[in-house]
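Take a look at the structure below.
The values are calculated or read from the model by the stated rules, or taken from the named source; none is laboratory data. For clarity, every value in this text was computed on a predicted model and none was experimentally measured. Positions of Cβ are backbone-derived with ideal geometry, glycine not excepted, and every protein chain shown enters the neighbour counts. Accessible surface areas use protein heavy atoms only, side chains included; no ligands, DNA or RNA. Shrake-Rupley method; radii C 1.70, N 1.55, O 1.52, S 1.80 Å.
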Amino acid sequence: MSWVYLQHTYLTMHKDQSIFDKYTPTVVTENLTHPFPINGVVFAWAMTPSGKNHEIPLFDIADALNDPELSIWLHLNLTNSQVQRWLKNTPLIPDRVVEMIDEGVTRSRLERIEKLDDCLLMVMNDFHQEFGEKDSDSSLGTLWAILTPRLMISLRNNPLRTTDRLRSDLRGGLLNPCSAIELFHELIDLRAEYLRTLLIRLSETMDDLEEILLKGKELPEHEYLGRIRIQCSRLRRQFSPELIALNRLQKRLPYWFSDEDKYRLNDDLDLLSYLVQEISNLYDRAKVLQDEQAAHVAEFNARNLQVLSVMTVIFLPMTLITGIMGMNMEDLPGLKESFYIVMVLMALAGAAVYLSLKVRKII
């Protein structure tokens, strides 16, 4: 059964009038017609084994999907209601995949759909594309990718950095994949490249902070180190599950993965393992710097408290003599010749406080 066809509707207004043809591209599934969600398409790319790739015009996507000689990448906007309806009704995607997307899966996961051995679902982390802020540390977003032998469908709610970079490289001729599987590897490599760039920038920042501490210069702000540590913790929390999932995928690859695809997947696994380890190292370095900074602050405060304590001890006898000699009780009624009584009471009060501190083991 063809996925796409042209439905001809003939409108006869009059016996002598002309017949008008109206062509509407539709997708047929189980005797129901569902229009292809052109408004929800962000990008569409066609690949051939010979390497003659091209961007697919929006109104030609339906025909391209029906061409068995082409491998297709569809990048769709998941917030579009037409895309959501198309996903539920297209025969290109298993129902279980659509159910997982509807459930709002956000935890990193990479697994093969067991019901259909020719479909692979990936729920990956990617970085939000923040336009106008080239070197900003983007927050993490979710990228859904559905991979079959000749089709890759990627879904996102917000613009993501890796997919935008992939689109730009394809249009500029920097990449020339021959299949959807090869394009999937390029997607993984681009994301790893950006993650590595981010880690290099964080590592350089950590080097500068360590140099400041070693030279004894002004200490960096505690909140700055805290933000770096939180960012490393978040990256490790998000990308570590993907490392586990890739190891699981490597043990049960789909039958349509060639030997070259297996080697590239092994390279992707090694690179991600290195990056996750680098994230952990940066986290530990930030923790050591925070501890060292806390030690410097504690030492600085202890030094200041020691100075205050010495000053207090120096002026304590002066303060005591001034207080005692400044007591004038001769002119007060009923307190004549009570100087010695007051001194005894002061001594008793001091002794009581000293004994109380001794009993509580404070001194």
Hey, what D do you get for region 258-320 in µm²/s if you plug the Kirkwood alpha-carbon radius into Stokes-Einstein at 25 °C and 0.890 mPa s? 149 µm²/s
A chain fully extended from GLN250 to TYR340 at 0.36 nm per residue, minus the present Cα-Cα distance, gains in nm 23.2 nm
Report in % the part of the accessible area of region 187-316 that belongs to carbon and sulfur, leaving out ligands and nucleic acids; probe 1.4 Å. 56 percent
On a full-extension model of 0.36 nm per residue, what is the gain between PHE59 and SER139, subtracting their alpha-carbon distance, rounded to one decimal in nm? 25.4 nm
Along the Cα→Cβ direction, 7 angstrom out, place labels at ASN281 and ASP208. What is the inter-label distance in nm? 2.1 nm
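To the nearest 20 Debye, how big is the dipole of region 251-298 about its Cα centre, given +1 on the beta carbon of each Lys and Arg and -1 on that of each Asp and Glu?
Rounded to the nearest 20 debye, it is 200 debye.
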Whole-Hz couplings from phi, Karplus 6.51/-1.76/1.60, listed for region 260-266; x for Gly and Pro: 5, 5, 5, 5, 5, 5, 5
Putting +1 on Lys and Arg Cβ atoms and -1 on Asp and Glu Cβ atoms, find which of HIS185, LEU166, LEU225 reaches farthest to the positive end of the dipole of region 166-315. LEU225
Go through region 157-259 and name the trypsin sites (Lys or Arg not before Pro) that are in a DSSP coil and have 13 or fewer other Cβ atoms within 10 Å of their Cβ. LYS217, ARG252
Convex hull volume of the Cα atoms in region 191-262, per residue, in Å³? 110 Å³
